[in-house]
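Only one structure is covered here, and it is reproduced in the block below.
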Amino acid sequence: MRTPFRNEAFTDFKDDRNNQAFEAALKKVETELGQPYSILIGDERITTERQSKSINPARTGQVIGVVSQADTDLAEKAIQTAAHTFETWKHTDPKERARYLYRAAAIMRRRKHEFSAWLTFEAGKTRAEADADTAEAIDFMEFYAREMQRLSAPQPLTTIEEEENELYYIPLGVGIVIPPWNFPLAIMAGMTTAAIVSGNTVVLKPASPTPVIAAKFVELLREAGVPAGVVNYLPGPGGEVGDYLVDHRLTRFISFTGSRDVGLRINERAAKTAPGQKWIKRVIAEMGGKDSIIVDSDADPEVAADAITASAFGFSGQKCSACSRAIIHEQVYDAVLAKVIERAQKLVMGDPAERAAYVGPVIDEKAYRKIMEYVEIGKTEGRLVHGGKTGNPEGYFIEPTIFADIGANARIAQEEIFGPVVAFIKAKSFDEALEIANNTDYGLTGAVISNNRAHLERARREFHVGNLYFNRKCTGALVGTHPFGGFNMSGTDSKAGGRDYLLLFTQAKMVSEKF
């Protein structure tokens, strides 16, 4: 019997010993940079002529790894391998499948700083952000293993005489897992292990900016004993390989985290039935947000400023849960704005491998250019009161940026920027603040800073987001504590890290026998 689930503790980096251990991991990983990474299909490692370099966004001259790229022929091979493996893997006892996850979690826990160091080099995460990412990956594996064991137990049904009735949760089949680059370990690991612990097999197409972290995780699964062919590692171009995988008749489900445009494209393609397809494909999608923190007239400006700063600028705003809109009651607007500016001025921007760094780089040149374009748009829509400049030209650094006096329908108040940019919007009343908070196409996270019980209860009813927080930041969801997923164009509200999540990867079969 396993102990009840508990979240993995974050590393205390105020302790010099922990910093020394992390720096030792950075040195170890740095000696391994630049190595080649092959495609893995079943037991076969495949090197292709077409390759892609993964680079450090903080030091763009540093190559993290050279990764072979698949084509549609290899995509076909991966799906066929996954389909063949499914015929045996689906019969593996759920408790045995869970034990693979427990083993993988234990290995990752022992090598925690090493995995975090890879995140620092390839994803540009500061040590605290990288540590949280690794801890969440461990949490997902521990939580989903327990959930599969719970779902495999006899399910409660109404009994009747002279009949035996049982309900089982059985796997779906071959799944395509397309994870994001912003949580390239935690979300990738959670999506992958949820699928396989449920009895499915997977073709994992990693995010293009962070394929090495995914390769390291697949190596860990093999070390934990996961059989060949259960997870097939298939890096390649999304428009070529991704579309082929989504469209394939043997694909049973697609698990995707990424942009709204790509998610909608996947959903549309998956809805079309391919010749020979016997099922309706499932799409489990998380597609971003335009998240707001409301600050009420009676709120403590210090609490509000702490929440906005952490939510807007942690990991350079590259979280789908990040606060990109601060909707402030006019009575406290100036005070809260001043305090957020004061805090932003103290944030250290620099190489995330350095202990002092709080704001690292954005992920790549495409994101860098897009964010700076939005900074220029923001200058025409309001007042630039802090930031707006770039940093060390060796990396993709952008200062924490604050715009004041932004209209509720301005572009930077409506469009997802996915960078360290926050728009301050003034509200005349709590009613107006709530109306503004609900005026986007998204509905992922939000927060309300208030001491007014009636206002909090109204927000509980009317603030239309999947994850709503009171008197705290709107980022930092914990597995098991804050099941995560949003409404509207934020996705299918799949609630990763919650008790419903594995149901998305299974189907219920009822067996009745009359005596």
Per residue convex hull volume, Cα only, the stretch 392-493, in Å³ is 140 Å³
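Would you order ARG146, ARG383 from fewest to most other beta-carbon atoms within 10 Å of each residue's own beta-carbon? Mind showing how you got there, number by number?
Numbers: ARG146 20, ARG383 13.
In order of increasing Cβ crowding within 10 Å: ARG383, ARG146.
Please order ILE176, ILE187, ILE46 by the number of other Cβ within 10 Å, starting at the fewest.
Working: ILE176 30, ILE187 26, ILE46 15.
The most exposed by this proxy come first: ILE46, ILE187, ILE176.
Grab the Cα-Cα distance for HIS91 and THR72, subtract it from 0.36 nm times how many residues apart they are, and report the gain in nm with one decimal.
Working: separation 19, 0.36 × 19 = 6.84 nm, distance 2.92 nm.
Going from the current span to full extension adds 3.9 nm.
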Which lysines have a Cα less than 30 Å from the Cα of LYS90, not counting those fewer than 8 places away in the same chain? LYS77, LYS205, LYS216, LYS272, LYS278, LYS281, LYS495, LYS509, LYS514
Put +1 on the Cβ of every Lys and Arg and -1 on every Asp and Glu Cβ in the chain; which of GLY476, GLY491, GLY199 then has its Cα farthest towards the positive end of the dipole? GLY199
Distance from the Cα centre of the stretch 248-311 to that of the stretch 183-238, in angstrom? 19 Å
Dipole check, the chain, charges on Cβ (K,R +1; D,E -1), about Cα centroid: among GLY239, THR390, THR309 the Cα furthest to the positive pole belongs to GLY239
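Magnitude of the Cβ-charge dipole of the chain, K/R +1 and D/E -1, about the Cα centre, nearest 20 debye?
Working: 62 positive and 68 negative charges, 106 e Å.
That gives the chain a dipole magnitude of about 520 debye.
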If you average the C-alpha positions of the stretch 342-393 and of the stretch 157-176 separately, how far apart do those two centres end up, in angstrom? 52 Å
With both bridge residues required to lie in the chain, what share of the DSSP beta bridges run antiparallel, to the nearest 5%? 40 percent
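So, with +1 on the Cβ of K and R and -1 on the Cβ of D and E, and no other charges, what is the size of the charge dipole of the stretch 291-480 about its Cα centre, to the nearest 20 debye? Let's see the in-between values first.
Working: 21 positive and 27 negative charges, 42 e Å.
Here the size comes out at about 200 debye.
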If I take the Cα coordinates of the stretch 291-480 and project them onto the principal axes, what are the three extents in Å, biggest first? 50, 40, 29
Among (i) 36, 27, 25; (ii) 67, 30, 18; (iii) 38, 28, 22, the entry matching semi-axes √(5λ) of the Cα gyration tensor in Å as calculated here is (iii)
Nothing charged except the Cβ atoms of Lys and Arg (+1) and of Asp and Glu (-1): what's the magnitude of the dipole of the stretch 29-165 about its Cα centre? Round to the nearest 20 debye. 780 debye
Of HIS84, GLN414, GLY124, which is farthest towards the positive pole of the chain's charge dipole, taken about the Cα centre with +1 and -1 on the beta-carbons of Lys, Arg and Asp, Glu respectively? HIS84
Normalise the Cα radius of gyration of the stretch 445-515 by 2.2 N^0.38 Å (N = residues in it) and let me know the number. 1.54
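When a footprinting reagent is the concern and you count Cβ atoms within 10 Å, what order do THR506, THR257 take, fewest first?
Details: THR506 19, THR257 28.
Final ranking by Cβ density, sparse to dense: THR506, THR257.
Coordinate-derived values only; no laboratory data. None of these values were measured; they are calculated from a predicted model. In this analysis, Cβ positions are derived from the backbone assuming ideal geometry, glycine residues included, and neighbour counts consider all displayed protein chains.
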